[in-house]
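Input: a single structure, listed below in structure tokens.
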């Protein structure tokens with residue numbers, strides 16, 4: 001091969017398989033093997049053993065899976081827990097009322113006795129992580145069908161769990177990695193008594209609300225404090241007044257040193273789901289088939305809910321958490337599509353696939369992977385119309401209209417009587433009865449009917465006719481597609497219009513309930529849509545999805561074989577991960593560069609009296625007006641937020657962000673708009689995670705809330721040299 005050919009080959013390889021230093025969500029037990037040298041080269045001064053150890057206390061012992069969907073960290077030896085305001089939002093909302101509006105005004109427990117229990121909230125620690133790949137795949141042959149393979153794996157999984165050497169208070173779960181090419185077992189301890197300690201008012205914890213969500217620059221104090229309680233032996237227990245604050249194996253040190261551009265940082269958390277190794281056809285499906293409908297449908301729901309919340313303060317409390325949930329993904333999907341388009345992700349992935357195929361053709365050992373990319377392209381082409389139909393159905397019928405969740409639950413409950421008997425039926429009925437009061441506490445029929453009418457209109461006009469319900473077409477044709485009128489007709493004869501009527505329905509004997517449901521217009525209509533989707537959409541959708549998934553394992557295996565020079569991280573799956581990189585600004589668009597740090601000055605620049613997103617109370621404004629910043633002052637202001645080029649996603653909310661010495665410098669709460677496509681495509685130029693500077697958290701607790709008793713629990717240090725030439729330990 002000529003010198004010129006070598007250069008060309010190198011360029012192709014580099015462009016096709018280059019892996020960014022900041023790219024990845026890494027298993028902490030593998031850091032020493034895979035990542036420690038690189039982390040050290042970027043500036044880390046601690047060791048991988050300091051981050052994850054099974055023999056000694058380490059940083060991982062202070063990190064928890066908070067509520068199953070977020071991350072939190074222990075920051076005192078009395079079990080004090082730091083997480084995001086938005087992670088605790090639903091619990092804060094449950095404790096709020098017009099008389100005690102903790103969402104709007106905040107809450108700070110005066111002492112431990114005043115801390116508020118949260119039934120249903122738990123936090124989970126990871127004790128250890130073990131590679132069980134050999135045991136899981138023992139006896140698994142390559143020629144097994146997908147069903148037989150999974151059946152054999154399930155048997156092995158059950159055997160491993162049954163033989164796991166754990167304490168009575170521990171649990172284990174096993175997750176597949178690299179599309180089922182590897183498996184790891186996680187030993188866990190879950191604490192069930194978690195109490196609210198403190199939360200800033202929403203104008204701090206949710207400053208910027210929807211306008212600033214997924215946006216940089218940001219000025220949000222997105223944090224809340226909880227406390228873990230344990231029994232007299234420091235073990236998990238249900239809530240009891242006799243429980244004691246949990247004594248952790250490790251609690252984090254909070255650093256006043258702050259961060260500067262190009263500083264090394266790392267995040268520890270539980271990222272939810274990524275698909276980094278998708279075929280280009282899958283990326284195109286997300287960008288051009290699914291996201292346009294997702295966004296358009298939630299546009300409609302949010303217009304109705306936002307209008308109601310602005311008009312009524314009680315509705316604002318009732319719908320605060322629900323609106324945030326709907327809005328969060330609505331804005332993410334918009335940013336995701338824009339990011340994929342701007343980074344030309346589909347084009348770049350096709351280039352990667354061409355290099356994949358080029359290498360295969362050069363090596364007979366790789367020929368078994370030869371048809372993978374063409375098979376993906378064919379399957380996704382067939383899958384697209386069904387995926388679109390499923391997404392329209394899910395968004396318009398099941399995800400956004402609230403009452404439909406109850407209708408679907410009752411629809412699924414009724415066959416239990418015949419299939420499993422009276423006892424199983426009553427158990428399911430009891431669960432629904434128990435959920436009624438919680439549901440209706442924050443439910444407004446007039447809002448939900450307006451949402452339902454608007455989304456049925458979307459479904460009727462955008463779903464392909466071959467996927468439509470005959471009953472829906474009949475209603476639409478007979479009523480000039482007036483879905484507000486149709487919904488009013490459906491609600492004129494239904495049990496689902498009030499808590500009282502639903503309670504009566506759920507108290508009926510089975511035969512009477514079955515008869516009532518058969519004559520209930522709303523129930524009949526919604527369940528017809530549900531059954532239509534099961535009949536017309538999901539058989540083909542599920543078959544094609546299974547075919548695609550069956551190829552993913554082989555494709556992941558092939559990529560790791562064909563690109564041996566690249567280190568692949570496993571996709572996120574709600575298990576503990578470490579991400580790392582540097583504090584860094586970015587070019588958001590033409591002629592626009594964003595600095596990586598914001599301050600309290602920016603909070604004031606956004607201030608709009610009376611605006612629900614950007615209002616500030618008098619106490620906060622006085623602190624700023626008088627520059628009453630105390631020890632948190634830096635160059636005449638207070639640091640608020642910063643960004644870093646680290647790879648995170650949903651589930652990382654509340655993740656601790658630590659500096660080169662392993663001290664807590666920030667609390668992760670969001671991602672920048674331009675880079676939210678990172679779940680499926682990472683761009684080092686655009687992807688940025690957004691953090692609350694820990695100094696702003698301390699400023700709010702100390703100077704705004706005056707919660708000295710909380711400050712007294714914390715270990716706060718400053719290692720940078722002061723002007724007098726000395727280092728200071730604040731505490």
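Restricting attention to helices (runs of 4 or more DSSP H) lying wholly within the range 459-538, give those where 1 or more residues are out of contact with any helix residue (DSSP H, G or I) (no Cβ under 6 Å at 6 or more places or on another chain) and within 20 Å of residue 395 (Cβ to Cβ).
Of the helices (runs of 4 or more DSSP H) lying wholly inside the range 459-538, those with at least 1 residues that are out of contact with any helix residue (DSSP H, G or I) (no Cβ under 6 Å at 6 or more places or on another chain) and within 20 Å of residue 395 (Cβ to Cβ) span 470-478, 521-536.
Of everything in the range 304-338 that's out of contact with any helix residue (DSSP H, G or I) (no Cβ under 8 Å at 6 or more places or on another chain), without any contact (Cβ under 8 Å) to a residue 40 or more places away in the chain and part of a helix (DSSP H, G or I), which residue is farthest from residue 650 (Cα to Cα)?
For the range 304-338, the residue satisfying everything is 311.
Checking the conditions here, which among 476, 558 is without any contact (Cβ under 8 Å) to a residue 24 or more places away in the chain, surrounded by 13 or more Cβ atoms within 10 Å (Cβ to Cβ), under 30 Å from residue 285 (Cα atoms) and out of contact with any strand residue (DSSP E or B) (no Cβ under 6 Å at 6 or more places or on another chain)?
The conditions single out 476.
Quick check on this structure: which one of 345, 311 is out of contact with any strand residue (DSSP E or B) (no Cβ under 9 Å at 6 or more places or on another chain), buried (at least 20 other Cβ atoms within 10 Å of the Cβ) and either on the phi < 0 side of the Ramachandran plot or in the same structural domain as residue 287 (by TED's automatic domain parsing) (or both)?
345
Out of 603, 657, which single residue is outside any strand (DSSP E or B), crowded, with 23+ Cβ neighbours inside 10 Å, in contact with a helix residue (DSSP H, G or I) (Cβ under 9 Å, 6 or more places away or on another chain) and touching a residue at least 40 places away in the same chain (Cβ under 8 Å)?
Result: 603 is the single residue among 603, 657 that is outside any strand (DSSP E or B), crowded, with 23+ Cβ neighbours inside 10 Å, in contact with a helix residue (DSSP H, G or I) (Cβ under 9 Å, 6 or more places away or on another chain) and touching a residue at least 40 places away in the same chain (Cβ under 8 Å).
The values are calculated or read from the model by the stated rules, or taken from the named source; none is laboratory data. Just so we're clear, the structure is a prediction, and the values are computed from it rather than from any experiment. Glycine also receives a Cβ, built like all others from the backbone with ideal geometry; neighbour counts cover every protein chain displayed.
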